[in-house]
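Report on one structure; see the data block that follows.
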């Protein structure tokens, strides 16, 4: 038997030394891409952008140095994905911008030792790799590399520019246009952090500008505000259209509790000008319709009640910040007491059931010893409607109807709390808009500018003490139940109920006035062709959009 010669130890060692850096390089590249694996488009776009950088620098050492911070942050990115389902980006930046440094430290403190150990490990390995030359990433000539870079950048940039050019015209002034741009890269870690930063910076400027535009000019009441202890509650519903309420003639019993309330006034011809929250809620709070020619933000309800000496509350189950919430958050910041019941204080987080707000509401009402104004912003019937109610309300057949019944229960609870408190009180309830339920949706409720989405419920309940103090207003409300109304009637009606009057308020629109004025009910569709439509002279076209007759 012939013995084999011993292996060439020096050759084997040289081969290992050559392979090991390549293994380290590949491992770091895989770790850098791992958070992007929540979606195929995230992986593809992340790889494309890394390829652009690799071809431009064409140095393994430089590329590995660029990969290092991404690898170091990888465990934090995976942790964030476990909470939010997507890589860090726009929502995370909003949290960072609006959180103090101690709060941010509190988030990372429990895992800080592990992050430090992970960082030291990869800094050490990278240092070893960078200590010696490692060569080029590819052996292509300069023109070939630049041509590949041009193709990749064109594949990335051209669709993004096209998206920018085709953003919906009706949303341009109210929503952040950089959010849909960011959404193209929201799965492409780590580039989601770059696009998210740009979108979040735009968002913070937008909120600051909106808060600045809210009028803070002095308010001169005539007569002076009453000093009577009273509680005025405005409940803003979400995505609830009128024709799915039993109290308005709908078949299934979706409003079993509120329709049993003595003295409840339900107005049956209220129309919202918008089919989405960010447009409608400013009208509810201040009468500001941003698409009405010549319209300008004026005094909002919270600021007026502040000026009148009321204790003001904003209690919400909506996120505090985000592409559809930040503008409304600018109004909420005017309140003296602010409570967001969603996770992480409402900063771009998933809403919980609306009942989470009830203990806060109960406390605000029970502790009321003087004049108090409370805004309660429900998540109501927002899509996905099946997530908006507990199991005990899953009995009407459709998730959307179940969510309406759950909102009915919420309203009944607030009304009972006001009745138990005693004294003068009033409860207003209005939904911001409706949704498409079966119209062109395949049976899944979704936002859309079908005619029924502009038809919303509007309730008013007042206590016996309030009715005794305001008999003419109480009678006027009952007389006006069939009057055609728009959301612009909300601010003067709420102020009227509280006895607050000043020159800039259009009291003639109040449902508590003997003869409220009729104004054209202009609603805004989602395209350029139906942006301004007279609701009273409109119909739905074959594609489920409201259009002029």
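Tell me whether segment 458-549 comes out rounded, prolate or oblate; compute the Cα gyration tensor, take square roots of the eigenvalues as a ≥ b ≥ c, and use a/c under 1.5 as the rounded threshold. Prolate is the answer for segment 458-549, as a/c is 1.5 or above and a/b outweighs b/c.
Can you compute the helix-only [θ] at 222 nm over the chain? Use -39500 (n - 2.57) per DSSP H run of at least 4 residues, normalise by all residues, nearest 500 deg cm²/dmol.
Details: 17 runs with 237 residues, N = 549.
-14000 deg cm²/dmol, from helical runs alone.
Estimated at 0.36 nm per residue, the fully extended path between residue 165 and residue 387 surpasses their Cα-Cα distance by 76.5 nm. Cβ crowding within 10 Å ranks 316, 183 as 183, 316, fewest other Cβ atoms first. Rg over Rh for segment 445-510 works out to 1.05, both radii taken from alpha-carbon positions and Rh defined as the Kirkwood radius.
Relative to the longest principal axis of the Cα atoms of the chain, the long axis of helix 60-84 lies at roughly 30 degrees.
Which angle between 0 and 90 degrees, to the nearest 10, do you get for helix 142-165 versus the longest principal axis of the chain when only C-alpha atoms count? For 142-165 against the chain, the angle is about 10 degrees.
Using Cβ counts within 10 Å as a stand-in for footprinting exposure, how do 145, 320 rank, fewest first?
On the way: 145 18, 320 22.
So the residues, fewest neighbours to most, are 145, 320.
Kirkwood hydrodynamic radius (Cα pairs, Å) of segment 376-469? Numbers along the way, then the final one.
Values: mean 1/r = 0.0676 Å⁻¹.
Mean inverse Cα-Cα distance, inverted, gives 14.8 Å.
Would you compute the Debye intensity of the chain from its alpha-carbon atoms alone, equal scatterers and no solvent, and pass along log10 I(q)/I(0) at q = 0.09 Å⁻¹ to two decimals? Debye intensities relative to I(0), on a log10 scale: -0.75.
What length, rounded to one decimal in nm, is gained on full extension from residue 157 through to residue 47, with 0.36 nm per residue of separation minus their alpha-carbon distance?
Values: separation 110, 0.36 × 110 = 39.60 nm, distance 1.48 nm.
Extra length available between residue 157 and residue 47 comes to 38.1 nm.
Between residue 482 and residue 141, what is the FRET efficiency for a Förster distance of 60 Å, r being their Cβ-Cβ separation, to the nearest 0.05? FRET efficiency, residue 482 to residue 141: 0.15.
Modelled spin labels at residue 22 and residue 356, positioned 7 Å past Cα toward Cβ, are 5.2 nm from each other.
Per-residue Cβ neighbour counts within 10 Å put 148, 440 in the sequence 440, 148, beginning with the fewest. Restricted to Cα atoms, segment 490-540 shows a radius of gyration and a Dmax of 14.7, 42 angstrom. Against the compact-protein benchmark of 2.2 N^0.38 Å, the Cα-based radius of gyration of segment 264-342 scales to 1.18.
Remark: segment 228-548 is approximated by an ellipsoid whose semi-axes, taken from the C-alpha gyration tensor as √(5λ), come to 27, 23, 20 Å, largest first.
Between residue 420 and residue 291, the simple label model (points 7 Å from Cα in the Cβ direction) yields a spacing of 4.2 nm. Look at the alpha carbon pairs under 8 Å that are at least 6 residues apart: their mean separation over the length of the chain gives a relative contact order of 17 percent.
Quick note: the coordinates plus some simple rules give every number you see, no bench work behind them. Only a predicted model underlies this, so the values are computations on that prediction, with no experimental measurement involved. Virtual Cβ from ideal backbone geometry, glycine too; neighbours counted across all protein chains shown.
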